[in-house]
Amino acid sequence: MKISVCGKGGSGKSTVVTLLANEALKRGYQVIVVDSDESNTGLFRMLDFDRPPVPLMELVGGKKGLKQKMAQTNVLSEPQLKISQIPQEHLLQRDGLMLVSIGKILQSLEGCACPMGVLSREFLKKLVLQENELVIVDMEAGVEHFGRGVDTSIDSVLIVVEPPLESVNVGQKIHELASGMGIKNVWAVLNKVPSEEIAAGLKTELQERNIEVVGCIYLDNDIFASSLDGKIPVNGIAVQEIKEVMDSILSGTGMPTPR
Ligand SMILES: Nc1ncnc2c1ncn2[C@@H]1O[C@H](COP(=O)(O)OP(=O)(O)OP(=O)(O)O)[C@@H](O)[C@H]1O
Ligand SMILES: [Mg+2]
């Protein structure tokens, strides 16, 4: 399964990616998190690594003439790529968890992020998975990645929606774009919900837009407080709440339990 976690900026995508990754690890999956956000740099910390991986953009040799350079880069020139073929410095690993980063915008006037989109799309397309391997993509905020075709090889999209209406509206657009390109599974998870009443209201808003809701993560002071250190608590309430989300995702995709 290749699942991308999408949503409006700041809705909680990276938090949900981390919670999902940790839950999938507990269930025995090999988890490959793909950092496809060209702006934020702290995902490695949330996932409890002590440094970020060297971005794949550096493996290719930079953004200029990307397609040509990709064709000349051994591991990326083939139509298929196994996890084991990714060079070590570009693939951080601990206890069945792996982290790959596409690339970051580092300097002013370096040009737009479109090449990151191309690399992300091609990398995800080429990546072939074993039965027990699961890819979770931390997508850039908003909807531009659909325009760039980053989601072409994605089979499931999880939209993170928080209470502001604007977050619901971006969620609706993501749902439309993902469904429109034939992605089979498109769900929403509610996040930063302050009360049961608001959870019910938010759920209704989404259901009226024909968006299936697979769970709810309540507003959690500990998550917010830990974010000052760039971390996520490993045993808070959200760790329980994400289990329901994972159950729905796994049953929706029919992904087998690891042996
Ligand atoms: N359930 C929650 N309860 C409290 N705070 C939360 C919750 N989920 C996320 N947050 C906080 O919201 C902020 C944004 O979260 P996060 O970085 O995961 O969002 P994001 O969608 O990945 O943002 P970006 O669009 O910048 O990548 C962080 O400070 C995080 O700790
Ligand atoms: Mg993020």
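The values are calculated or read from the model by the stated rules, or taken from the named source; none is laboratory data. A quick note: this is a predicted structure, and the numbers were derived from the prediction, not measured. Positions of Cβ are generated from backbone atoms using ideal geometry, with glycine treated the same way; all protein chains shown enter the neighbour counts. To get the accessible areas, we keep the full protein, side chains included, count just its heavy atoms, and leave off ligands, DNA and RNA. Shrake-Rupley method; radii C 1.70, N 1.55, O 1.52, S 1.80 Å.
Here's the yes/no breakdown for (1) more than 16 Å from ligand 1 (Cβ to nearest atom); (2) closer than 28 Å to T73 by Cβ; (3) part of a helix (DSSP H, G or I):
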| position | (1), (2), (3) |
| --- | --- |
| K104 | no, yes, no |
| G142 | no, no, no |
| V160 | no, no, no |
| P163 | no, no, no |
| V170 | no, no, yes |
Next item on the list: Could you list, in sequence order, all residues of segment 6-43 that are more than 9 Å from ligand 2 (Cβ to nearest atom), aliphatic (A, V, I, L, M) and either buried (at least 22 other Cβ atoms within 10 Å of the Cβ) or in a loop (DSSP other than H, G, I, E, B) (or both)?
Entry: V16, L19, L20, A21, A24, V31, I32, V33, V34
Check: Applying the selection to segment 1-58, what residues are within 14 Å of ligand 1 (Cβ to nearest atom), among the acidic types (D, E) and at pLDDT 95 or above?
Finding: D35
Checklist line | Test for K63: is it surrounded by 17 or more Cβ atoms within 10 Å (Cβ to Cβ), more than 16 Å from ligand 2 (Cβ to nearest atom) and assigned to a loop (DSSP other than H, G, I, E, B) | finding: yes
Next item on the list: Can you run down the residue pairs with Cβ atoms below 6 Å, 6 or more apart or on separate chains, where the first is in segment 64-84 and of a type in the set (D, E, K, R) and the partner is in a helix (DSSP H, G or I) and open to solvent by less than 100 Å² (accessible area, probe 1.4 Å)?
Entry: K69/V60
Next item on the list: Please determine, by comparing only the residues of segment 207-226 that are in contact (Cβ under 8 Å) with a residue 24 or more places away in the chain and not in a loop (DSSP other than H, G, I, E, B), which one is surrounded by the most Cβ atoms within 10 Å (Cβ to Cβ).
Entry: I217
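Each row is one residue, and each column tells you yes or no for (1) within 30 Å of L219 (Cα to Cα); (2) surrounded by fewer than 17 Cβ atoms within 10 Å (Cβ to Cβ).
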| residue | (1), (2) |
| --- | --- |
| S84 | no, yes |
| L91 | no, no |
| G103 | no, no |
| Q107 | no, yes |
| S179 | yes, yes |
Notebook entry, point to check: K104 passes all but one of (1) more than 17 Å from G9 (Cβ to Cβ); (2) touching a Pro at 6+ places or on another chain (Cβ under 7 Å); (3) modelled with pLDDT under 90; which number fails?
Noted result: (1)
